Amino acid sequence: MVLADSLALGLAAAATPINLVYCLTGALLGTLIGVLPGIGPVATIAMLLPVTFKLEPLSALIMLSGIYYGAQYGGSTTAILMKLPGEASSVVTALDGYEMARRGRAGPALAVAALGSFFAGCVATLLIAVFAVPLGDLALRFGPAEYFSLMALGLVAAVVLARGSVLKALAMVVLGLLLGLVGTDVNTGFVRYTFGIAELSDGIGFVVVAMGMFGIAEILLNLEQRQIREQATATVGRLWPTRGDLRAAWKPTLRGTLLGSVLGILPGGGAILASFAAYTLEKRLAKDPGRFGKGAIEGVAAPESANNAGAQTSFIPLLTLGIPSNPVMALMVGAMTIHGIAPGPQVMTEQPTLFWGLIASMWLGNLMLVVLNLPLVGVWVKLLSVPYRLLYPAILLFCCVGVYSLNYNAVDVVLTAVFGLFGVVLIKLGCEPAPLVLAFVLGPMMEENLRRAMTLSRGDATVFLTSPISAGLLVATALMLLLIVAPQFRRMRRDAFAE
Amino acid sequence: MQIKYIRGWAMSLAAGAALLGLAAAAQAQEFPAKPVKFVVWTAPGGSIDVLSRLIAEKLSQRWKQPVVVENKPGASGILASEYVARAPADGLTLLVTINTTHINNPVLQSKLSYDPVKDFEPVSQLAIGSVTLIAPANHPANNVAEFVALAKKKGGGVNYGSWGVGSSAHLFGELLRQKTGLDLNHIAYKGEMPAITDMLGGRLDVTFAGGGTTRAQLAGGKIKVLGITGPRRISALPNVATFAEQGFPGFELAGWVAVYAPAKTSKGIVRKISADLAEVVHSQDVQSRMVENGFEPVGGTPEQFATLYRDEFPKWAELIKASGAKVE
């Protein structure tokens, strides 16, 4: 009954009027910046850090974490309505969500995303409470060798996920890996492929690539096919999902939640990997994978619940070990130190009110989001009726502001534009940008971990097989590769992606 | 909806700007007559960023002017340094930095877009930041000497972590290798936390860490501290003996946090900023915050900082060259 007592303590701390207000403020602000393309939770939390100086530590953390999970809700909204993933983790949602919107089913897509996120948020919050301590230890078991193998699996999954030819998908993966090599090599300190531009010495930013290839490219392509877009937006469709939609969506939601909870704990691309992995899993399990990429509701429900679960569980390494698993969590570390709290395992024992209060606030925040956002879905849907001659310049402006505010340098803005044009060329050539973007994210981490594992073992490559976790992941990777090559699967895949 | 929001936002921005303008006109007499900008090159939320925001807050109360922290991360601080070096020399744009931009970069990089001496006016050394050598709590050794003896007896190599090639952690690790003849295997990470994670996971034997992180991790009970580099013990970890105290000389250098103005900033303004910074650094609450975050408060005069820089530069340069670290 220790858990019940702790949760009661947390609820009491989180449900004070003032903390409820901060929770609501954070969650709504998060949704807003999630909806606006280009301005992500990292930039927002960074900008708001000084504001939290004057708040109680618990209120400050409640508001900041509200921004983070609120953004997960909001990010899916632009992904579905405009194929502009507000968050990296909403990239796959855009595939089927946007197709649904084009088919006049934007309403059900948004509703399923919100309900799936809420369900995942509740489960993940409970998971944090129950498994905080033991799960913190699981993350510790992941060393360089394990990470490398996990990422290898992720990249092979990216090839399976792509539409069109396997060869083109592989080419995109390789191109993504090459782009990921730009910048300083961690193991030697050497600078690679920067052409003497100092701004490139830390590599090309993920937001730059993602926003260019997905956001700008989509806008450019839409300018070309104006006629079609106008037609697609004429019908918005009913808001509420049909009984059939719900029946199709509940299992993917459950699977996505579980997958996301596990992957969210891992440092690095946890939430991103989670949404990609959940999407792939659904496609594998589907009786008719051909519907994916053409508006399958499972393709919205699974990644949306996975990324929200991942976003929630990524608090576990932070709260239990003081180890931030992504940039947002790094900012939370900063917020905690501003208030004189040293992040680490001692927070749970020394500051139980803060620890459990934050956890309880996440559940309250998720509840507020779904209660407020389902009615608001109508407002978001209205965005579609805003004329593009106003919407496009506004989106481009926000993209520019967002990219510039990451590092305050103009090179990033120029690069985003370049990647936008590049994205248009790729789509014209029938190459999918998604595998490129995933390889771009995973590539540098993969290289870092490969070389770190090899340095640690002093050149002995068997480390990848002697660790059971790593060996298991590599076997899964090999099986997936075999599947891609197998003639039977190739036929199945061709049918699946047949337009 | 979105459009309305943008319009509202722009209007409130304009209103805010107008208010700032009025405030500036009223305060035109004394420095600073306009808002001051602290350029910080570490990511938002990092310990230097947090320290800068704390000090900025105190200065803005004192000066009755906004003191804004602007993050210009990336390229080991080259972008931020270049930006401040080219800024007007009016004291309104200041660089808050660590030794990396003014010692490590010039030694490691043949072409640098700024000159650490000619382009800057040293203002104040805010603090020193020493680096500790830590091990998992269940490690049999309790200090540097025991660690070295155990490692020699056990044979085989020792894996240690750092936050990058050419970082002070890497430099001290290489120095330890040269001084003791241990087979130390350097594993580079992108920050101190991933290295600590790998150490707690049993993949590294020891790792280096900053004072604030060490203090936080120590409170969690999962690590132990073998020793601290730097000239003397620090207030954040009063019980941790220095390498020198333990019979390992050569580790006396410590990283610093300092403020620079662009070259040719008038002496009077530099002196005023320096004096105000010193008072802020020496105030009770700032001091205790700094100590919590592992910084040892300094807050001296521009001359003191310039002298320290001249003394330490060749020592660091020697250490960097001996480590074999190269960037190009």
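Taking the condition assigned to a helix (DSSP H, G or I) and either within 13 Å of chain B (Cβ to nearest Cβ) or buried (at least 22 other Cβ atoms within 10 Å of the Cβ) (or both), does A:R458 pass? Talk me through it step by step, then tell me what you get.
Details: assigned to a helix (DSSP H, G or I): no; either within 13 Å of chain B (Cβ to nearest Cβ) or buried (at least 22 other Cβ atoms within 10 Å of the Cβ) (or both): yes.
In short, no.
From the residues in the range A:202-221 that are touching a Ser or Thr at 6+ places or on another chain (Cβ under 7 Å) and of a type outside the set (D, E, K, R), which one is modelled with the lowest pLDDT?
A:M211
Report the residue count in the range B:140-162 for those that are within 10 Å of another protein chain (Cβ to nearest Cβ) and either part of a loop (DSSP other than H, G, I, E, B) or within 21 Å of the chain's Cα centre (by Cα) (or both). If you could, list the steps in order and put the result at the bottom.
Here is the first cut: in the range B:140-162, the residues within 10 Å of another protein chain (Cβ to nearest Cβ) are B:156-157, B:159, B:161.
When the remaining residues are screened for being either part of a loop (DSSP other than H, G, I, E, B) or within 21 Å of the chain's Cα centre (by Cα) (or both), the result is B:156-157, B:161.
Number of matching residues: 3.
For residues that are touching a Gly at 6+ places or on another chain (Cβ under 7 Å), assigned to a helix (DSSP H, G or I) and buried (at least 24 other Cβ atoms within 10 Å of the Cβ), tally how many sit in the range A:97-107.
Count: 2.
Would you mention how many residues in the range A:427-459 are in contact with a strand residue (DSSP E or B) (Cβ under 8 Å, 6 or more places away or on another chain) and free of Cβ contacts under 8 Å to residues at least 60 places away in the same chain?
Count: 1.
I'd like the full set of residues that are within 14 Å of another protein chain (Cβ to nearest Cβ) and among the polar types (S, T, N, Q), limited to the range B:285-323.
B:Q287, B:S288, B:N293, B:S323, listed by residue number.
Kindly evaluate A:L331 against the criterion of being of a type outside the set (V, I, T) and modelled with pLDDT of 70 or more. Steps first, please.
Details: of a type outside the set (V, I, T): yes; modelled with pLDDT of 70 or more: no.
Judged against the criteria, A:L331 is not a match.
Take the residues of the range B:165-186 that are buried (at least 20 other Cβ atoms within 10 Å of the Cβ) and modelled with pLDDT under 90: which is nearest to A:G183 (Cα to Cα)?
My answer is B:V165.
Determine, yes or no, whether B:L182 is over 15 Å from the mean Cα position of the chain (by Cα), touching a residue at least 40 places away in the same chain (Cβ under 8 Å) and within 17 Å of B:A149 (Cα to Cα).
Considered against the rule, which asks whether it is over 15 Å from the mean Cα position of the chain (by Cα), touching a residue at least 40 places away in the same chain (Cβ under 8 Å) and within 17 Å of B:A149 (Cα to Cα), B:L182 comes out as no.
If I filter the range A:141-150 for residues that are closer than 21 Å to A:S6 by Cβ, at pLDDT below 80 and of a type in the set (A, V, I, L, M), do I get at least one hit? Show your work before the answer.
Going residue by residue through the range A:141-150, those that are closer than 21 Å to A:S6 by Cβ are none.
Within the range A:141-150, none of the residues are closer than 21 Å to A:S6 by Cβ, at pLDDT below 80 and of a type in the set (A, V, I, L, M).
Restricting to the range A:237-284, count the residues that are hydroxyl-bearing (S, T, Y) and modelled with pLDDT of 85 or more.
Within the range A:237-284, the subset hydroxyl-bearing (S, T, Y) is A:242, A:253, A:257, A:261, A:275, A:279-280.
Still in the running and modelled with pLDDT of 85 or more: A:253, A:257, A:261, A:279.
So the answer is 4.
Of the residues A:L11, A:L29, only one is within 14 Å of chain B (Cβ to nearest Cβ), modelled with pLDDT of 80 or more, out of contact with any His (no Cβ under 8 Å at 6 or more places or on another chain) and surrounded by fewer than 24 Cβ atoms within 10 Å (Cβ to Cβ); which?
Checking each option against the conditions leaves just A:L29.
Looking at (1) at pLDDT 80 or above; (2) in contact with a Lys or Arg (Cβ under 8 Å, 6 or more places away or on another chain), which one does A:T125 not meet, given that it meets all the others?
So A:T125 meets the others, but not (2).
Mind listing whichever residues of the range B:244-278 are over 21 Å from the mean Cα position of the chain (by Cα) and among the acidic types (D, E)?
B:E245
Which is of a type outside the set (G, A, S), on the phi > 0 side of the Ramachandran plot and at pLDDT 70 or above, of A:Y408, A:Y392, A:Y404?
A:Y408
Among the residues of the range B:205-235, write down those that are free of Cβ contacts under 8 Å to residues at least 60 places away in the same chain and within 8 Å of another protein chain (Cβ to nearest Cβ).
B:A216, B:A219, B:G220
The values are calculated or read from the model by the stated rules, or taken from the named source; none is laboratory data. This one's a predicted model, so the numbers in the text were calculated from it and none came from an experiment. FYI the Cβ positions are ideal-geometry reconstructions off the backbone, even for glycines, and counts take in every protein chain you see.
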